[in-house]
Structure formats: C-alpha cells, structure tokens
Amino acid sequence: MPTTFERRQTVIRLLGEKPGIKVTELAAVLDVSEGTIRNDLNALEAEKQIRRVRGGAILIDQLDFPAQQPPIANLEAKRRIGHWAAEMVDDGDAIWLDAGTTAQMIIPHLKERGHLTIVTNGLHVALRVAESTDHTVLLIGGKVESGGLYTAGSTNQNLLDYLRLRTAFISGVGFTVEAGLMARAYEDARLKEKVLQQAEQVVALVDSSKIGRSGFSPFAATEQIDYLVTDSEVLPEMIQQLHRNRVNLIVCGQNSVRSYSVPTTTAQYTIGFANLSEDLPFAVAVRRGLERAAALRSNIDLVIVDNKLSGAEALRLADHLINRGVDLAIEYQIDYRTGNLLMDKFHRAGVPVIAVDIPMVGATFFGVDNYRAGLDGGQAFGRALQETWDGVYDYLLVLEEPRAGSLPAARIQGQLDGVSEILGPIPPEKLIFLDSGNTVQVSEAEVTRALQAHPTARRVGVLSFNTDAALGALRAARRLDREEHVLIVGQGADRLLLNEIRQPGSRVIGSTTYMPQNYGSRLIDIAVKILKGESVPPAVYIEHQFVTRENIDEIYPAG
C-alpha cells in the first residue's frame, strides 16, 4: 500500500494531467474512499499546493484564465508545450512572450528563474507575469485589439530597437513549411517580424492543430525558426518534412518529450533519458544540461521521460523507451531494487545503459564519489559544530534515503566519519536516523516529529542525504520556531539551498555541490563513446566542491 505522502503526490500528478478531476474519479483511481481523498485535498490546500473547487481541485500553478478570455482549444497540448519551452529560459534572460494562449502557458514555470525581462504585446501576459513574479515586464504596441487580449500598432515599437532579446517565443494562427508562421492580421505580423530581428533565438510554439493551416499574413520563414515545439498529435509525415528542412523539433507527449535535432552527415543517435523526477530542482538541472549538450552535438535525438521517484514508473517507462527505438538509455532512478529488472529489459532489447548516481549492475556508472563527497561535508560540519557550539551537541539527525542503496549510503557514512575525525567518536545514543523520502515534504515531516520528541534539545545537528532533505529540515525548524537550535549541512546544491547559504547567520553551514548543470556534457560524451564502440571505464565520477558562505560567490557568482 502506498504511504499517505505517496498517495498525495499521486493526487498532485493527476491534477496536473487532468485539471479539475473530481473526488469520485480520484477515489476510484487510487482505490480509497472519497473521505480519504477529501482529507488529502484539504491537507494539500493547507500546504498551498492546490485550490479546492466544487467537486474536486486544481493545482495552484495552473493558470486561471479570466472569464472574458474565450475557451482555450487544445489546452492540455498547450500546457505541455509551455512547460518544455520554459526550459529554454535562463536566469537574466530578456525574452519575448507572444500574446497567444500557448505562450501564456510558459508563465507558471518562470517563477524559479531570476532577473528576467519579459517583453510582450499581450495584456494578459503582462498582467500575469506582474501578478505572479518579480520579473520586469515591458508592454509593446498601440491600440488594444481582440477584446482586450493584446495590442497592435506602432505607438512604441521603436523601443524594440534598443532591446536585445535572448529568445523570442512566437506563435501564429498557422504554420506550413513552405510559408512559415502566419498571423491573423497584417499589423500583428509586422510587429512579430520586428521582434524576430532583435532575437538571438526564435522558438515557435505551434500546437499540432495549427500545423498545415494557412493564415493571412506570413511573418517568419521556416529557416528563421531555431526550434519548433509542438505536441504528439503532429503527423509523422510532418515530422519527416520538418526534419528534412533542418528544423530542430521538440514533440511534447503525455509521457515523454522527444527532441529531433537538425540532421548532420555524422551518425544519428537516439538516446533515452529517464529522469529521477521533474519535481526535484537537481534532477531538472541534470536534464536541462543534457538537452543543451545534445543540441550542441546536432546528431542526437533525445527522448525524455519522468520516473517520478517510482521504481514501478521506471519499469513502465523503460518499455516506452525500448518501443521508441532508443540506441542507448540514461537511467536516473531512485530504487536500487529496481535496477536488476531495468537492466534485464534493456539487455534483452540490446540497449546499453548509463546509470546516474544510483548504480545498476551491467550499466556504466556516472555520478558522485559518494564517500569522499560525504567525508568533505562531514569534516566541514564538524568544524562548524566546533565553532558554533564548542563541539557539543545534543543529537545528530541523519536524513538518509534507504531506497537509493549502498552507494548513496556511503555519502551518509562519509559525513559521519568526517564529523568523527573532527570531534571524536559519535555516541550512538546521540544519533537519530530518519528517512528523508528524497523530498522536502517528507524530510520536513520527519524532522518536525524528531524535534517535537526532543523539546529541550538546543544543539541539534542535521546531516542530509541531499538538498531536499536539508531544506525540509530547515522548514521544520522554522515552523517550530527552533531555527537557532539547529545546524544543517547539505549534499548537492540547487538554487534554494544556495540562497539559504548566502544569508547572514544561516543555519545551513554549507553543502557539497556536484554541479548538476555539468552532468549533461559528460553524459553525452560517454554515451557517444559507447555507441561508437569505444571503451569507457565502468565508473565515471564527477568532481565536487564544498560550498560555504565564504566561497559561494566564487563558485556560483551572484546575479
């Protein structure tokens, strides 16, 4: 039986896939009572992850379009397109967002980006960005058109002459390979032409219903488009036609995303990447780095799926990757017990495998030298305990992840050994081992219970399996108003943990960082060598560093 947490995570996933799904449907899918589902929805609403609506719920991050906006055609396809297009946006970018509904689907995914400048002629786009983010918004255009949805005309279009856009996300009413993207009105087309002149990269957001459809006024020839992002209903013959015309194509399906790179004279490879979870910033950074590395190679098509922290899902998606004809699979999955089953599937299909961070027998391992990374963090933590509490502590909470197996367990052992090297042997009665669940939410719940069970403890050290475990511990201490009672060390570093480390007086003393953004280029190098029949070592370790407030700006420059 799944745990309460796992069931609620499934509820969130189902709401993402089917907004507004009813209580009765959720109860049937999860095989629990409607009362249990209502309790789950109430708890998730209290955590501000969902909003209850009559008969069901919707995710907070799902767009609530104004009543005056017409119903959106192909909404789910556009959501998928928007989600993956947002991955092309980096901190500090200046981007153009079209007034169309597909471009609006990008907005919820920009909240975690920093210091963006968003230029648009869409009134709803401008309002939603201003309401939900701190990004700078510039509104272009003149008179208000189409029932108040966007502006048109040349009143302040000359502002574009002074802007350099990193990426323009452009839509139209139709697209054909011969004519390119087309707009409904002449003035709209002329504005978009000007936008394209100022953009380093042009990304066309075109749901499949518009491919092959004509419009009144062409504005972007096919050769001007760097990437075309569409949904999985696009016809196979259109995929082939776009491929022949050297268009980088991204097809967003319900279970996977496939990237078709511009064909080259070198051998073309299809590589599957099963990511750990699209809800974990570290895993998202790994996937983004892999996409960039594949795009630079120009001879690699990527098929991307989400294992969702589930061994069962990893097994199901392995079949999906095999059926898609991948030449090699990169598996990033959490459950070491699933590894043998996965390897059996891929071995029988003749597909070589690279295992990321969690080893699988028969696969090339790529990831962390777990013991050494843990040891470096533990030594730094021991010194911090010495400086802060004269080396005296009441308890050490150890946030581990049993599902990940022996190699990541070495990360925990390394931390314990590092602390012992600085402070001497750790009394067993002062060690409290907790299952982090590999998520912020589970870690927060476990640390909350531990702190409540020891109300008089004033010196509590926290050793973490990963970033999410460290952040969950910090949230628990804050919620109980006991932040000054804890010191925390992290493993792996994403934006949120780095921001915590930067704060004066932070209770997070530092974190070992593995630079997940650099995984991609190394993984692609290894994959291509394997596919060419070249020898590779059985294990390839990435470099790590320990980040503190003193060296963070050197390793991760702010801005």
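The values are calculated or read from the model by the stated rules, or taken from the named source; none is laboratory data. The shown structure was predicted, so the numbers you read here are calculated from the model rather than taken from an experiment. Every residue, glycine as well, gets a Cβ built from its backbone with ideal geometry; the counts of neighbours run over all protein chains shown. Calculation scope for accessible area: heavy atoms of the full protein, side chains included, ligands and nucleic acids excluded. Shrake-Rupley method; radii C 1.70, N 1.55, O 1.52, S 1.80 Å.
Overview of results
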read-out	value
Every residue from segment 281-295 that is open to solvent by 20 Å² or more (accessible area, probe 1.4 Å), in contact (Cβ under 8 Å) with a residue 60 or more places away in the chain and over 11 Å from the mean Cα position of the chain (by Cα)	E291, R292
Conditions (1) among the charged types (D, E, K, R); (2) surrounded by fewer than 21 Cβ atoms within 10 Å (Cβ to Cβ); (3) part of a helix (DSSP H, G or I): number failed by E278	(3)
Residue that is farthest from N551 (Cα to Cα), among those in segment 363-401 that are aromatic (F, W, Y) and assigned to a strand (DSSP E or B)	F365
Tabulated pairs, segment 167-179, first under 12 Å from V229 (Cβ atoms) and modelled with pLDDT of 90 or more, second assigned to a loop (DSSP other than H, G, I, E, B) and basic (K, R), C-beta under 9 angstrom, 6+ apart or interchain	F175/R213
Residue check for Y371: open to solvent by 10 Å² or more (accessible area, probe 1.4 Å), touching a residue at least 24 places away in the same chain (Cβ under 8 Å) and within 20 Å of P516 (Cβ to Cβ)	yes
Which numbered condition S506 fails, given (1) at pLDDT below 95; (2) within 23 Å of E401 (Cβ to Cβ)	(2)
Matching residues, segment 184-223, being out of contact with any helix residue (DSSP H, G or I) (no Cβ under 8 Å at 6 or more places or on another chain), basic (K, R) and under 22 Å from T117 (Cβ atoms)	K192
Enumeration of residues in segment 233-267 that are among the polar types (S, T, N, Q), modelled with pLDDT of 80 or more and more than 25 Å from V284 (Cβ to Cβ)	Q240, Q241, N245
Residue tally, condition over 24 Å from D417 (Cα atoms) and in contact with an Asp or Glu (Cβ under 6 Å, 6 or more places away or on another chain), over segment 354-371	1
Number of the exception - V540 against (1) hydrophobic (A, V, I, L, M, F, W, C); (2) surrounded by fewer than 17 Cβ atoms within 10 Å (Cβ to Cβ); (3) under 25 Å from Q413 (Cβ atoms); (4) modelled with pLDDT under 90	(4)
